[in-house]
Structure formats: C-alpha cells, structure tokens
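Have a look at the structure below before the remarks.
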Amino acid sequence: MAASASASTVSGLAGASLASRPAFSTSFARGSRVSARNPLMTRNLERNGRITCMTFPRDWLRRDLSIIGYGLIGWMGPSSVPAINGNSLTGLFFSSIGEELAHFPTPPPVTSQFWLWLVTWHLGLFIVLTFGQIGFKGRTEDYFEK
C-alpha cells in the first residue's frame with residue numbers, strides 16, 4: 001500500500017491535469033498559444049550584462065552645470081534685498097549660522113530662528129534651480145514656441 005502511494009505523482013492541488021495545458025491560453029485567440037516570459041530575462045535587452053531599455057534616453061537628466069551657477073546667482077540677488085525689517089534673507093541666514101557656530105558643540109535648539117532661515121533660503125534656491133532647469137532646457141530644446 002505504501003509502495004503504490006509513493007509511485008503516484010502529486011503536483012499541487014490540481015494534480016496532473018494542469019501539466020498538459022499551456023502556460024497561458026486565452027479564448028480570445030483560439031488555437032494560439034501565448035507563453036508568459038520574464039521581461040528581465042529577454043536577451044535582446046541585455047547590453048554588457050546590464051538590462052537597458054532601448055526607448056529611454058540614457059541622458060534623461062540632461063544636466064548642465066551652468067544652470068547651477070545661474071540659479072545661485074539668480075537666487076542670491078532677490079534673497080539679498082533687505083525686505084525683512086531692513087535685513088535680507090541671505091543676511092539673516094548667514095548671521096544665524098554665525099550665531100549657532102558661536103556655541104558649536106551644542107546643536108541649534110528647535111526654537112532657533114536658524115531653522116526658519118535655513119528652510120526658507122534653501123526652498124527658494126531649489127525653486128529657482130528647478131525653474132531655471134525647465135526654462136533653460138526648454139529654450140535650448142525648443143519646447144516653447146516663439
């Protein structure tokens with residue numbers, strides 16, 4: 001009895017009935033057999049052992065270091081205008097850095113004005129850099145109509 005039980009094949013809950021069926025079949029296209037493939041194992045997408053996409057551009061960032069320089073200069077101008085009680089945002093930020101460095105081993109407290117000036121100054125810088133990237137690259141690649 002034990003010998004006959006070990007001789008029978010058990011493959012999952014459906015038994016051997018699924019073994020003869022194709023990997024994927026549909027009633028939409030009768031008679032056609034579609035096999036599911038792993039897209040990561042496709043040979044035509046491999047290049048030097050790396051998997052790449054042929055339609056995605058390699059230089060998707062299209063970085064240009066001049067935009068960082070122009071963006072920094074473009075942000076330093078408006079942030080240096082004395083608009084906050086006769087002080088500029090850049091001046092307040094840099095003076096708060098000096099105040100916090102005066103007691104260097106201890107970090108700035110949460111209630112320090114340093115955090116407000118840090119977040120505001122950098123948020124403005126990143127906004128200017130983002131719009132600079134969009135505008136500069138958009139103009140050089142003719143995204144905007146004339």
Quick calc: nm separation of the 7 Å Cα→Cβ label points for residue 106 and residue 72 -> 3.3 nm
Heavy-atom accessible area of segment 54-146 with neighbours in place, 1.4 angstrom probe: carbon+sulfur share in percent works out to 69 percent
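Sort 119, 128 by accessible area with a 1.4 Å probe, largest first.
Accessible-area ranking of 119, 128, largest first: 119, 128.
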Ignoring ligands and nucleic acids, residue 110 exposes an accessible area, probe 1.4 Å, in Å² to the nearest 10, of 130 Å²
PRE zone check, label point 7 Å out along Cα-to-Cβ of residue 63, amide N under 17 Å, scope segment 115-146, hits 126, 129-134, 137
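Can you give the direction-averaged projected area of the convex hull of the alpha-carbon atoms in segment 90-146, in nm²?
On the way: hull surface 21.9 nm².
Mean projected area of the Cα convex hull: 5.5 nm².
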Note to self: with every protein chain in place and a 1.4 Å probe, segment 105-146 gives an accessible area per residue in Å² of 80 Å²
On the formula 1/(1 + (r/R0)^6), with r taken between the Cβ atoms of residue 143 and residue 120 and R0 of 30 Å, the FRET efficiency rounded to 0.05 is 0.50
On the formula 1/(1 + (r/R0)^6), with r taken between the Cβ atoms of residue 85 and residue 131 and R0 of 25 Å, the FRET efficiency rounded to 0.05 is 0.35
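The values are calculated or read from the model by the stated rules, or taken from the named source; none is laboratory data. Model, not experiment: these values are computed from the prediction. We place every Cβ from the backbone using ideal geometry, glycine too, and count neighbours over all the protein chains shown. In case anyone asks, the SASA skips ligands and DNA or RNA and just uses the protein heavy atoms, side chains included. Shrake-Rupley method; radii C 1.70, N 1.55, O 1.52, S 1.80 Å.
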